[in-house]
Protein chains: 2
Amino acid sequence: MRTPGIGPVTYRQLIARFGTSAAALAAVPDLARRGGGKAPPLRSRDDAEREIARVEKLGAKWLALGQGLYPRLLAELEDAPPLLIAKGDLNLLDRQSVAIVGARNASAAACRFARGLAHDLGQHDLIVISGLARGVDSAAHDGALGTGTIGVIAGGIDVFYPPENEERQRTLYERGLVLAEMPPGTEPRARHFPYRNRIIAGMSSGTVVVEAAPRSGSLITARLAAEAGREVMAVPGSPLDPRAQGCNQLIRDGATLVQNAADVVEAIRPFASQVRSPRAPFEPILEQLNGHDALATVEELLGPSPVPVDEIIRLSGAPSGAVQLALLELDLAGRLERHAGGKVSLRE
Amino acid sequence: MRTPGIGPVTYRQLIARFGTSAAALAAVPDLARRGGGKAPPLRSRDDAEREIARVEKLGAKWLALGQGLYPRLLAELEDAPPLLIAKGDLNLLDRQSVAIVGARNASAAACRFARGLAHDLGQHDLIVISGLARGVDSAAHDGALGTGTIGVIAGGIDVFYPPENEERQRTLYERGLVLAEMPPGTEPRARHFPYRNRIIAGMSSGTVVVEAAPRSGSLITARLAAEAGREVMAVPGSPLDPRAQGCNQLIRDGATLVQNAADVVEAIRPFASQVRSPRAPFEPILEQLNGHDALATVEELLGPSPVPVDEIIRLSGAPSGAVQLALLELDLAGRLERHAGGKVSLRE
């Protein structure tokens, strides 16, 4: 998972096919060559052991997809992170949670609202998840500090961003929980934030957006929550307030308008039973391929426009396992692009 | 229609059965007696002529259900007013309209929003209808003064309520239109306002609520609009603002969230074609009763709980015309109560 070019979906496909990381790592160079590319530069065993030691030294723990306390709802995502690094109270992972997200430059009123909402959700035994950013995120963590809150950060578990939130993050190490997908020491970059947002949305029964500008990161989190089939909720505001536009638009697009914790509790009730229903994260590909090679056919069916994998399987006439293997080969050769909703395209 | 105990629904039934007011008036005493009550005190011809003369002297006009400029959409209501008194520019009645209603004690921001929205709707060739009350109503009329606005008042056409709106009402006589259902000189009472609200909602393709307290008159107007099958729209506000609660609740209940005139125009587009599609307001009851008397059966089927008229017809086994006549008799005898949705019950 630290190999450039191997994302969470590819990782999942590799483990599903080869059973263990060792077998998958051994197979990668051949697969990539067959797909028509160079093998991706694999990380060494030493690198991995160094990172494991560093995480331990930081007092953090690993959470592995499909094992132990790894968040059940997050495991349902097609692109769930194979591993998470966690520092803090791991008991918080076993309870139903709601995300509260919003603008970094939110109004004082919105921050006050987020803090109050987080507090009240805590009174309903819900864990509040947010992104340890400025503004709404910080207010949400503060409001739920007494009852349970999880901060998911875009950089490494030991990196404080924004710097003024260092104390808040340290407080969460002690009295809440901090989660990171990236290796320790990673400074967060713009591209990391959408990845972080999918974890926030994916762990939560629902996402509440409090004050968000149009086209902001909070709306990405809301979209990811909707794609994962979770409840999307938004706090309305006056049309005269430009900071309310994102939320009002979300409501027009079908998000549930929420005004208080009771509204949120009502909206996410259907998810309560799912939090503790485990699901096998790696469905092994049992199908026997009998030497069927679909690579040429699949390559011909693909183009620059994203197409659902199901459609490729149908059009190819090949066993789905053979198509998945061909896609994996193209993927590891750096020639496949994976899109939301299980679509794929060839890279130009 | 000025006879106590004869409401718009009964009026419509009488005209449908007897064809003319004269025939209906002649029949009322017998009908009431058969229904087991006293005849209601009919108004004299002199009374009616005095009122007609007074309306003329005030420079106002009569609008009769099903005739001329009587608003087409309003005519669709089961309880459409048989007559309206109008003072001002009657041309405004022939155009598509939107109601803007809201709190009398609305915030300055909400009034500014209502004024701007009314102005912008006018730019889209829409007439703005409201109730000439304080707050949102006044702002809506002011915003649409240049393009066309109609004030529907709860009292007589010559009565100014609230007093500080006298100048605004006089302005509407000159540059807009004022409508009243009650006779001239009527001081508005609490029970008149819901009647007035049904006219506002009934004339309009949709109703926009701007800032309304829970259980306020504006929410009654919204409910009446929904019952009439019209678009219900609401302007959201922060949950921290108690004055936004009514609108936010409306949106939770399914009203369309609107932030500007474009949102409103989009929402009411489906109604544009209906504004000018006339409909016979009095469908005559053609069925021959052949002396069938359903009174005893209908009376037996009725109780204190409201029941749909359709169900009474079905259970009675009598021709629907005979059931309607029996209901009319009980109604004129003061023994029937008519409810929303075409339901009826016996008075205790």
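The values are calculated or read from the model by the stated rules, or taken from the named source; none is laboratory data. Note that the structure is a prediction, hence the values are computed from the model and not measured. As a convention, Cβ positions derive from the backbone with ideal geometry for all residues, glycine included, and neighbour counts pool all protein chains shown. Side chains are part of the model used for accessible areas, which takes the heavy atoms of the whole protein and leaves out ligands, DNA and RNA. Shrake-Rupley method; radii C 1.70, N 1.55, O 1.52, S 1.80 Å.
With a 1.4 Å probe on protein heavy atoms only, work out how much accessible surface A and B bury together, total over both chains, in Å² to the nearest 100. Intermediate values should be presented prior to the final figure.
Values: alone 16370 and 16340 Å², together 31140 Å².
About 1600 Å² of accessible surface is lost on pairing.
Just to confirm the filter: which trypsin sites (Lys or Arg not before Pro) across segment B:148-225 are DSSP coil and have at most 14 other Cβ within 10 angstrom of their Cβ?
Numbers: sites: B:Arg168, B:Arg170, B:Arg175, B:Arg189, B:Arg191, B:Arg196, B:Arg198, B:Arg215, B:Arg223; in loops: B:Arg189, B:Arg191, B:Arg215.
Those that pass, being in a loop and sparsely packed, are B:Arg189, B:Arg191, B:Arg215.
Lys and Arg at +1, Asp and Glu at -1: add these up for the other residues within a Cβ distance under 14 Å of B:His119 and post the number. Walk me through the intermediate numbers first.
Numbers: positive: B:Arg112, B:Arg115; negative: B:Asp120, B:Asp125, B:Asp142.
Summing Lys and Arg as +1 and Asp and Glu as -1 gives -1.
Given the Cα-Cα distance of A:Arg33 and A:Ser345 and 0.36 nm per residue of separation, how much length would full extension add, in nm? Please report the intermediate quantities before stating the final value.
Numbers: separation 312, 0.36 × 312 = 112.32 nm, distance 1.87 nm.
Difference between extended and current length: 110.4 nm.
When Rg is the radius of gyration of the Cα atoms in chain A and Rh is its Kirkwood radius, what does Rg/Rh come to? Walk me through the numbers before you get to the answer.
Numbers: Rg = 21.1 Å, Rh = 21.1 Å.
Rg/Rh: 1.00.
Would you kindly work out the equivalent ellipsoid of segment B:59-126 from its C-alpha gyration tensor and give its semi-axes, the square roots of five times the eigenvalues, largest first in whole Å? If you can, show how the numbers build up before the last one.
On the way: eigenvalues 151, 41, 30 Å².
After scaling each eigenvalue by five and taking roots: 27, 14, 12 Å.
Once Rh is set to the Kirkwood radius over Cα pairs, what Stokes-Einstein translational diffusion coefficient, in µm²/s, holds for segment A:47-160 at a temperature of 37 °C and a viscosity of 0.692 mPa s?
Details: Rh = 15.1 Å.
Approximately 218 µm²/s, per Stokes-Einstein.
Across 5 Å bins from 0, what is the distribution of all Cα-Cα pair distances for segment A:120-225, in whole percents?
The calculated distribution, bin by bin, is 2, 13, 25, 27, 21, 10, 2, 0.
Could you give me the ³J(HN,Hα) list for segment B:74-87, computed from phi with Karplus coefficients 6.51, -1.76, 1.60 and θ = phi - 60°, whole Hz, x at Gly and Pro?
Couplings: 5, 4, 6, 5, 4, 10, 4, x, x, 9, 10, 10, 10, 10 Hz.
P(r) tail for segment A:98-158, what percent of Cα pairs lie past 15 Å?
On the way: 729 of 1830 pairs.
Distances greater than 15 Å cover 40 percent of the Cα pairs.
Which single residue of chain A puts its beta carbon nearest to the axis of rotation relating A to B, and what distance, in whole Å, does that give?
Residue with the nearest Cβ, plus whole-Å distance, for chain A: A:Pro236, 2.
Could you tell me the distance between the Cα centroids of segment B:148-185 and segment A:150-211, to the nearest Å?
60 Å
Which value at 222 nm does chain A reach when only helices count, each DSSP H run of 4 or more adding -39,500 (n - 2.57), with the total divided by all residues and rounded to the nearest 500 deg cm²/dmol?
Numbers: 14 runs with 143 residues, N = 348.
It comes out at -12000 deg cm²/dmol, rounded to the nearest 500.
Using a loss threshold of 30 Å², tell me which positions in segment A:236-264 are less accessible in the complex than in their chain alone. Probe radius 1.4 Å, ligands and nucleic acids ignored.
For segment A:236-264, once contacts with the other chains are taken into account, A:Pro236, A:Pro239, A:Leu240, A:Asn248, A:Arg252, A:Leu257, A:Gln259 lose 30 Å² or more.
Could you look at chain B and say what percent of its accessible area is carbon and sulfur, using a 1.4 Å probe and all protein chains? Intermediate results must be reported in sequence, preceding the final value.
On the way: 7700 of 15550 Å².
Exposed carbon and sulfur together represent 50 percent of the surface.
From the backbone phi of segment A:222-236, what are the Karplus-calculated ³J(HN,Hα) couplings (6.51 cos²θ - 1.76 cosθ + 1.60, θ = phi - 60°) in whole Hz, Gly and Pro given as x?
4, 5, 5, 5, 5, 5, 7, x, 8, 6, 10, 10, 9, 9, x
Determine Rg/Rh for segment A:23-83; Rg is computed over alpha-carbon atoms and Rh is the Kirkwood hydrodynamic estimate from the same atoms. Present the calculation step by step, with values, prior to reporting the outcome.
Working: Rg = 15.2 Å, Rh = 14.1 Å.
In segment A:23-83, Rg relative to Rh is 1.08.
I'd like the Kirkwood hydrodynamic radius of segment A:207-247, using the inverse of the mean 1/r over distinct C-alpha pairs, in Å. Each step should come with its number before you reach the end.
On the way: mean 1/r = 0.0984 Å⁻¹.
Across segment A:207-247, the inverse of the average 1/r is 10.2 Å.
Taking the radius of gyration and the Kirkwood hydrodynamic radius from Cα positions alone, what is the Rg/Rh ratio for the protein assembly as shown, to two decimal places? Please list the in-between numbers first.
Working: Rg = 34.0 Å, Rh = 30.0 Å.
Answer for the protein assembly as shown: 1.13.
Run the count for the protein assembly as shown, please: Lys pairs, Cα-Cα under 28 angstrom, 8 or more apart or on different chains. Could you put the intermediate results ahead of the total?
Working: A:Lys38/A:Lys343; A:Lys57/A:Lys87; A:Lys61/A:Lys87; B:Lys38/B:Lys343; B:Lys57/B:Lys87; B:Lys61/B:Lys87.
Pairs that pass both the separation and distance tests number 6.
Give the Cα extents of segment A:180-255 along the principal axes, in whole Å, largest first.
Projected onto the principal axes, the Cα atoms of segment A:180-255 cover 43, 25, 13 Å.
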